[in-house]
Amino acid sequence: MHKVETLRFRGPLKALIIGAGIVIGSAIFVMGLSEGEVLVTSITGILVIGLSCAIVALPKLETSTDKQQLVLNLYPLKRYVFNLSELESIQPITINAASYGGIGLRFAPGTIGLIMKSGKGIELVHQGKRYVFSSDDPEKVLQELSVP
């Protein structure tokens, strides 16, 4: 399997999530010190900070192909495998993340989205279901799949 591209969360959203996690986690930690429940609230505060960092550090969208299959792996959540011969259509699109309810693994009527950001992406139809996913270079992905 040949990896075509890998996308990760980036930009202001990443900083916002980590910043919010640090503020909330620190507030929980400080509240525990003032109430005497140091152990429980300290652990809770540290977990909130760690979770907020993991939310932005772990997820990545890997697009791979072996010329027979297209694999979309939204690590660590979900992996989709499509036989290229079964694709009804595939084309570059422009994605507006807000129209899918944000970033991440998104479900809309008749559509599954693997959305890492607004901007360039690819839409494919497989067995009557529409899939959209973010891509920094949709033309390159389509070229790797030998799709004009």
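Do we find that residue 121 is crowded, with 17+ Cβ neighbours inside 10 Å, small (Gly, Ala, Ser), touching a helix residue (DSSP H, G or I) at 6+ places or on another chain (Cβ under 7 Å) and not assigned by TED's automatic domain parsing to the domain that holds residue 17 in this structure? Yes; evaluated as a whole, the condition is true for this residue.
Taking region 81-102 as the range and being closer than 12 Å to residue 124 by Cα and among the aromatic types (Phe, Trp, Tyr) as the test, only 82 passes. When region 55-92 is filtered for residues that are more than 14 Å from the chain's Cα centre (by Cα) and surrounded by 14 or more Cβ atoms within 10 Å (Cβ to Cβ), the ones remaining, listed by number, are 64, 65, 69, 70, 71, 82, 84, 87, 90, 92. The strands (runs of 3 or more DSSP E) falling completely within region 45-148 that include 1 or more residues that are of a type in the set (Gly, Ala, Ser) map to 60-65, 87-95, 104-108, 111-115, 119-126, 129-134.
Would you say residue 141 is of a type in the set (A, V, I, L, M, F, W, C) and free of Cβ contacts under 8 Å to residues at least 60 places away in the same chain? Here the answer is no, as residue 141 does not meet what is asked.
The values are calculated or read from the model by the stated rules, or taken from the named source; none is laboratory data. Note that the structure is predicted; figures quoted are calculated from it, not measured. Glycine gets a Cβ as well: all are built from the backbone with ideal geometry, and neighbour counts include every protein chain shown.
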